[in-house]
Amino acid sequence: MKILLVAINAKYIHSNPAIFSLKSCAGKYASYVDLAEFTINQPPYFILQEIYKRHPDVIAFSCYIWNRNMMDAIIPDLHKILPDTEIWAGGPEVSYNAEEIISRWHLRGVMSGPGEGSFSYLVSAYMDGTNDNLPVIMDSSNSPVLLLDEIPFWYQDLPDQSMKDFKHRIIYYESSRGCPFSCSYCLSSIDKTMDFRSIPRVCQELDFFLDKKVPQVKFVDRTFNCKKDHALPILQYILDHDNGITNFHFEIAADLLDEDYFTVLRKMRPGAVQLEIGVQSTNPNTIAAIDRRMDFSKVVSTVCQISSWNNIHIHLDLIAGLPFENLVSFQSSFNDVYALCPKQLQLGFLKVLKGSNMELRAPQYELLSSSLPPYEVLSTKWLSYDDIRHLKQVEEVLEIYYNSGQFAHSLHFLCSYFNTPYDLYASLASWYESHGLFGIQSSRIRKYEILLDFGVAQITTHSSDLNRKCSLLKEYIAYDLYLREHMKNRPAFLLPSDQWKDNVHDLLHNEAITHRLFPELSDYNYRELTKLLHVEIFNHIFEHPAAILFHYGKRDPLTNNCCIQKITQFPNTDNDTFL
């Protein structure tokens, strides 16, 4: 008997904790359970072949909105090439309309809701030969439900090679299940049952990640800090046992943080923790309509306070397509959140999930959404499809330029030419469309060149001091570029640096002797320093002309920018200007 658990992830970097958790609950039969992970970017025929080669007796698919379409492509053909194999499905995408899914895919059955108990029961039935008695829909009414503390820590039993593979992927961890809030667009609003893994268990399991020095652990808890006596001890443990490497990601409600949380968070190593905060909208009517409780003034205060410590990555979310949010209102929400200067601003779009309260209210809101997963909004009473299309373009340039973190100084400079930050990105989106840039994979240097062309066009339209402002923009773009990239070739938009060649040589040679600026590189000779450092002259963007020494061996854990040193005078010269 061979049972195969299949996950089809959105990206390779993602892992699927569900199938690993299910296998860990198979108990004495775990050796009969195999795992297979694929991605939606792989062709269906490849996935079909890989599943066929294993010749499983039973297949169970983990189903979500991102892989539902792939299931439609694969499962019908699986029945043809493995006619004696029984196929099950589980996960949020099949739990709501299980009977419809069973009929559509000709399944043996569906595991609805939390699956660990159901899967343990299913495996035992197949191994004992009683599988004919299994119900077609397995849920809490006819199969056991395991509490989080009853579910084994499945990472512990993975072979060493699997853990090495996880070094290049996101590790997910669940310390609580469920959510106490009632957001109408979320399936968690249907069942407000909460379950928490005990603090001693959590701390013991976090030790495993810390000992392995994994790069990132992403908590999948819906609202990590919904229960203070659960969340605060975990954060304190992370602070007390920081290994200097591992980053922990949490989705939180910012307005629930208080001084007790701040006392712990402000002491965190830069990069040890990142917080994702779902603002969704700053329109009070919208917040009320989606059954959400949020004090945005408290969010502002909290985010500003945490940002002032400069040690925690903050990720803020907005959702386009919510009720009572028209284009003007959404622009206001965008500008409100942008003003908080998050490290990332995610502009997401409403997904009308099957079984959610939002789906029930769709007729009231004149809400139209895609018929296929991920059921994304097409239009509402307040937003036309043209509005949604426009926001999609804004989202794309926001991802390229803001969320990449590669253009921070250039964007800050260009913002001064627009009434609001939203206007900047809307104009940049229009530039992309008018120049046929959407749908093209641009190189990294090309993205800088595009921003320069766009910026020069704005300066030409709005500025009288054209030459100086264009020089400023070029230097800001060069500064952003060199903060991230150790360029082998000088960008074409920058002036030749031949006149400073000897000065730069002297500066690096002096550093190789004295190691005054970067003492941690005291073992590096001149040749080695030239491979790790870059010198660039800036005449306009600082208060006084300066040479900037970029150190690519040392980076800011929050921005990924390299370390710099500003120099206002070259060694062995009386010249204190770079003009």
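The values are calculated or read from the model by the stated rules, or taken from the named source; none is laboratory data. Here the structure is a predicted model, which is why all the values come from computation and not from measurement. Neighbour counts run over all protein chains shown; Cβ positions are idealised from the backbone, glycine included.
May I ask you to list the residues in the stretch 65-95 that are in contact (Cβ under 8 Å) with a residue 40 or more places away in the chain and part of a loop (DSSP other than H, G, I, E, B)?
65, 66, 67, 91
Please work out if residue 77 is among the charged types (D, E, K, R) and under 25 Å from residue 374 (Cβ atoms).
So residue 77 passes the test.
Look at the stretch 115-172 and say how many of its residues are among the small types (Gly, Ala, Ser), at pLDDT below 90 and either on the phi > 0 side of the Ramachandran plot or assigned to a helix (DSSP H, G or I) (or both).
Qualifying residue count for the region: 1.
Is it fair to say residue 361 is closer than 28 Å to residue 66 by Cβ, among the basic types (Lys, Arg) and not in a helix (DSSP H, G or I)?
In short, no.
Sort out which residues of the stretch 309-334 are in contact with a Lys or Arg (Cβ under 8 Å, 6 or more places away or on another chain) and touching a residue at least 60 places away in the same chain (Cβ under 8 Å), and write them in order of number.
Result: 311, 313.
Against the conditions (1) closer than 24 Å to residue 95 by Cα; (2) touching a helix residue (DSSP H, G or I) at 6+ places or on another chain (Cβ under 8 Å); (3) loosely packed, with under 15 Cβ neighbours inside 10 Å; (4) not acidic (Asp, Glu), where does residue 146 fall short? Just the number, please.
Unmet for residue 146, out of (1) closer than 24 Å to residue 95 by Cα; (2) touching a helix residue (DSSP H, G or I) at 6+ places or on another chain (Cβ under 8 Å); (3) loosely packed, with under 15 Cβ neighbours inside 10 Å; (4) not acidic (Asp, Glu): (3).
Condition test on residue 387, is it closer than 17 Å to residue 287 by Cα and assigned to a helix (DSSP H, G or I)?
In short, no.
Listed residues 440, 388, 450; which is in contact with a Ser or Thr (Cβ under 8 Å, 6 or more places away or on another chain) and over 23 Å from residue 478 (Cβ atoms)?
388
Of everything in the stretch 458-494, what is surrounded by 12 or more Cβ atoms within 10 Å (Cβ to Cβ) and not in a helix (DSSP H, G or I)? Give them in sequence order.
Result: 463, 485, 486, 487, 490, 491, 493, 494.
Please tell me if residue 279 is in a strand (DSSP E or B), surrounded by 18 or more Cβ atoms within 10 Å (Cβ to Cβ), at negative phi and at pLDDT 95 or above.
Spelling it out, residue 279 is indeed in a strand (DSSP E or B), surrounded by 18 or more Cβ atoms within 10 Å (Cβ to Cβ), at negative phi and at pLDDT 95 or above.
Given the residues 252, 199, which is the only one that is in contact (Cβ under 8 Å) with a residue 12 or more places away in the chain and more than 30 Å from residue 285 (Cα to Cα)?
199
So if I check each of 411, 340, which one is closer than 25 Å to residue 480 by Cα, in a loop (DSSP other than H, G, I, E, B) and of a type in the set (A, V, I, L, M)?
340
I'd like to verify a number: residues in the stretch 530-561 that are farther than 30 Å from residue 247 by Cβ, surrounded by 13 or more Cβ atoms within 10 Å (Cβ to Cβ) and without any contact (Cβ under 8 Å) to a residue 40 or more places away in the chain, how many?
Adding up the residues that qualify gives 5.
If you check residue 289 against the conditions, is it in contact (Cβ under 8 Å) with a residue 60 or more places away in the chain, surrounded by 18 or more Cβ atoms within 10 Å (Cβ to Cβ) and touching a Leu at 6+ places or on another chain (Cβ under 8 Å)?
Judged against the criteria, residue 289 is a match.
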